[in-house]
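Nothing in this text is a laboratory measurement; each read-out follows from the coordinates by a stated rule. Note that the coordinates shown come from a computational prediction; the quantities given were computed from them, not determined experimentally. Neighbour counts are summed over all protein chains in view; Cβ atoms, including those assigned to glycine, are modelled from backbone coordinates with ideal geometry.
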Number of protein chains: 2
Amino acid sequence: VITAILRGSVRLDHIGIAVADLQAAELLYTVALGGRLLDREELAGEHVRLVFIDAAGTLFELLTPTADDGPLTRFLHVRGEGLHHLAFEVADLEATLRDAAAAGMRVVDEHPRRGARGRRIAFLHPSAARGVLVELVQRPQG
Amino acid sequence: VITAILRGSVRLDHIGIAVADLQAAELLYTVALGGRLLDREELAGEHVRLVFIDAAGTLFELLTPTADDGPLTRFLHVRGEGLHHLAFEVADLEATLRDAAAAGMRVVDEHPRRGARGRRIAFLHPSAARGVLVELVQRPQG
């Protein structure tokens, strides 16, 4: 049974792209696609380095692993570079995670954790959204 | 050498999602994501059935194959359901294809062809954009 899990104002926050060569990807999205570099960030605990680029009216998150194991490294090994996830901004991340669990959706993160740009984030499992890895994002309040 | 191939006003037109079960995917994007069904279309020559849904401020194209062979069937067989391509709207599709070829980018369609919603479209090869399959879209003029 499919129920509404993303209530209220939901919007696409960013498109996540997994890359092996972060510098080459940054050049592609800034030069070829005419984008604007917004931010570079490393999440040491997650073993990931991120570049945020505003291009074509959309926020792109380029992500590359900084360790030899972990899900992102495995993703690149199996699938190669390419589309990785979609992130949606929600107003109430806990409530959305509760709704998702109640709807029988498998989640990767049962509780919100700290992501890039000071956001609280949580991932749903790809099986929850027909093969699309979905990140839920909530902006800092105040 | 990376050069600007997408000149002028470029914007994300849609996100393409490959699905095996189109009806289930349509329910997911309309009900769970709160989207609005815009259009259903079958491109007989391409052996693909499409559903367009406006959700989270973004246009999603759900696509499923209608034949047992072809690239979309192979995609689903190898990767399963999930993120398939990004489509960017450009002002001049021929000029963009020329720019892409001049930049050494591999293209799938050397010349524009007719796509969904009366658009002229052309695909770049995933190797042109670090593993992301890119569709270029031009609106009908007039």
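Residues in region B:92-142 that are under 16 Å from the mean Cα position of the chain (by Cα), among the aliphatic types (A, V, I, L, M) and over 22 Å from A:Gly82 (Cα atoms): B:Leu93, B:Ala116.
Taking the criterion of being touching a residue at least 60 places away in the same chain (Cβ under 8 Å), in a helix (DSSP H, G or I) and either surrounded by fewer than 16 Cβ atoms within 10 Å (Cβ to Cβ) or touching an Asp or Glu at 6+ places or on another chain (Cβ under 9 Å) (or both), the residues of region A:92-125 that qualify are A:Ala95, A:Ala102, A:Ala116, A:Arg117. Checking each residue in region A:15-29 for being within 8 Å of another protein chain (Cβ to nearest Cβ), in a helix (DSSP H, G or I) and closer than 17 Å to B:Leu133 by Cα picks out A:Ala24, A:Ala25, A:Leu28. Outside any loop (DSSP other than H, G, I, E, B), away from every other protein chain (no Cβ under 12 Å), among the aliphatic types (A, V, I, L, M) and touching a Leu at 6+ places or on another chain (Cβ under 9 Å): which single residue out of B:Leu72, B:Leu12, B:Leu62 fits that description? None of the other options fit; the residue is B:Leu72. Only one of the numbered conditions (1) within 14 Å of chain A (Cβ to nearest Cβ); (2) closer than 30 Å to A:Val90 by Cβ; (3) more than 13 Å from the chain's Cα centre (by Cα) is violated by B:Arg40, and that is (1).
Of all residues in region A:30-59, those that are in contact with a helix residue (DSSP H, G or I) (Cβ under 6 Å, 6 or more places away or on another chain), outside any loop (DSSP other than H, G, I, E, B) and within 27 Å of B:Phe60 (Cα to Cα) total 5. Assess whether B:Leu50 counts as being touching a Phe, Trp or Tyr at 6+ places or on another chain (Cβ under 6 Å), more than 12 Å from every other protein chain (Cβ to nearest Cβ) and either in contact (Cβ under 8 Å) with a residue 24 or more places away in the chain or farther than 30 Å from A:Val31 by Cα (or both). Considered against the rule, which asks whether it is touching a Phe, Trp or Tyr at 6+ places or on another chain (Cβ under 6 Å), more than 12 Å from every other protein chain (Cβ to nearest Cβ) and either in contact (Cβ under 8 Å) with a residue 24 or more places away in the chain or farther than 30 Å from A:Val31 by Cα (or both), B:Leu50 comes out as no.
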